[in-house]
Amino acid sequence: MCRSIKTLHNFKPPATDDEIRASSLQFVRKLSGFTRPSRANEAAFNRAVDQVAQTARGLLDALVTNAPPRDRDVEASKARAKADDRFRSQDARHAT
């Protein structure tokens, strides 16, 4: 899965429409292989982004959990630490 797509479920405040659209755009880009579609494919590409966003919103609205809501700042900090570790590991492998 594309690393740019973020988990949107169970956050306080809930995911915004902009966040859902951004994730939907990344998903459609990954599936299609296009960063930006040609004019011939633009309508189909945009329609797919809209449909994925609508479905994602429906999914997020329907999901139920007993877990406490996650904090965006804490999750972002964890993601940065994970990325730092991953890139540090890659640098160490390339240095040898």
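Do we have Val28 as modelled with pLDDT under 95 and either on the phi < 0 side of the Ramachandran plot or surrounded by 11 or more Cβ atoms within 10 Å (Cβ to Cβ) (or both) here? No, not satisfied. Going through (1) over 17 Å from the mean Cα position of the chain (by Cα); (2) surrounded by fewer than 12 Cβ atoms within 10 Å (Cβ to Cβ); (3) closer than 23 Å to Ala15 by Cα one by one, Ala40 falls short only on (3). Say we look at the range 2-25 and pick out the residues that are surrounded by 15 or more Cβ atoms within 10 Å (Cβ to Cβ) and in contact with a Lys or Arg (Cβ under 7 Å, 6 or more places away or on another chain); which of these is farthest from Asp61 (Cα to Cα)? Step by step, filter the range 2-25, then rank; the result is Ser23. Picking from residues in the range 43-68 that are among the charged types (D, E, K, R) and either out of contact with any helix residue (DSSP H, G or I) (no Cβ under 6 Å at 6 or more places or on another chain) or farther than 16 Å from Thr7 by Cβ (or both), the one that is surrounded by the most Cβ atoms within 10 Å (Cβ to Cβ) is Asp50.
The values are calculated or read from the model by the stated rules, or taken from the named source; none is laboratory data. If you're wondering where the values come from, they're calculated on a predicted model, not measured in any experiment. Note: ideal-geometry Cβ built from the backbone for every residue, glycine included; neighbour counts use all protein chains shown.
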